[in-house]
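Q: Have a look at this one.
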Amino acid sequence: MFTDRFHVITGGPGSGKSTLIDHLRGQGFTCLPEAGRGVIRDQAAIGGAGLPSGDAGLFAELMLSWDLRSHREAREGDGPAVFDRGVVDTIAYLRLSGRPVPEHLHRAADAFRYNRRVFVAPHWPEIYRRDTERRQSAAEAERTYLACLAAYADYGYEPVEIPRGGVAERAGFVAGLIGGR
């Protein structure tokens, strides 16, 4: 069952998702952080193996755990909640990596649902930048965007592309469809 008040923003890395979500947070929306960046930061800080460049399976499990916690945390609030990626993004990551998707991850994607409408930030080469946590090439970023689109569609979600433009314009588009603030 879809959860109307939980809204995912997904897409490839470097497409302006986090900037958009920060702007929405500033407008009073409850926003949940991206699992991948958090896991990378934590694993790098402790010299852990759960990194895309290390144990990709462990990295996926840590992202799943993070996303399940975020989902539970959002249930404690009221009003709309905006997620910087969701459980299905971990499935997209595994597919893109050529790794099998464990059955428990499919069960998680079915049990921990979001609003049927998923906001997708399109690949945007003009703003894409690498950093210490974002190491993918622009071509990999585009493949990630396409993998996210496919994975969410496979789980019955309806992708809504966020138009390119300034952050206030993009936030207005998303907020207008979410309502509640």
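The values are calculated or read from the model by the stated rules, or taken from the named source; none is laboratory data. Note that this is a predicted model, so its numbers are computed, not measured. Quick reminder, even Gly has a Cβ in these numbers, built from the backbone with ideal geometry, and neighbours come from all protein chains shown.
Q: If I filter the stretch 155-176 down to residues being in a helix (DSSP H, G or I) and free of Cβ contacts under 8 Å to residues at least 12 places away in the same chain, which single residue comes out as farthest from Lys17 (Cα to Cα)? Walk me through how you get there before you give the answer.
A: Filtering the stretch 155-176 down to residues in a helix (DSSP H, G or I) leaves 167-176.
Filter again for free of Cβ contacts under 8 Å to residues at least 12 places away in the same chain, leaving 169, 172-173, 176.
On the way: Glu169: 13, Gly172: 14, Phe173: 13, Gly176: 17 Å.
Applying the filter and picking the extreme gives Gly176.
Q: Here's another thing I want to ask about it. Mind telling me which of the residues Ala45, Ala49 ends up being over 15 Å from Phe119 (Cβ atoms), touching an Asp or Glu at 6+ places or on another chain (Cβ under 7 Å) and without any contact (Cβ under 8 Å) to a residue 40 or more places away in the chain?
A: Details: Ala45 fails: touching an Asp or Glu at 6+ places or on another chain (Cβ under 7 Å).
Matching residue, one of Ala45, Ala49: Ala49.
Q: Another question about this same structure. Cβ contacts < 9 Å: first residue under 13 Å from Pro52 (Cα atoms), restricted to the stretch 83-96; second residue acidic (Asp, Glu), any location; separation 6+ or different chain. Result?
A: Pairs found: Thr90/Glu61; Thr90/Asp67; Leu96/Glu140.
Q: Turning to a different aspect of this structure: Scan (1) modelled with pLDDT under 95; (2) out of contact with any strand residue (DSSP E or B) (no Cβ under 9 Å at 6 or more places or on another chain) for the single condition Pro102 breaks and write down its number.
A: (1)
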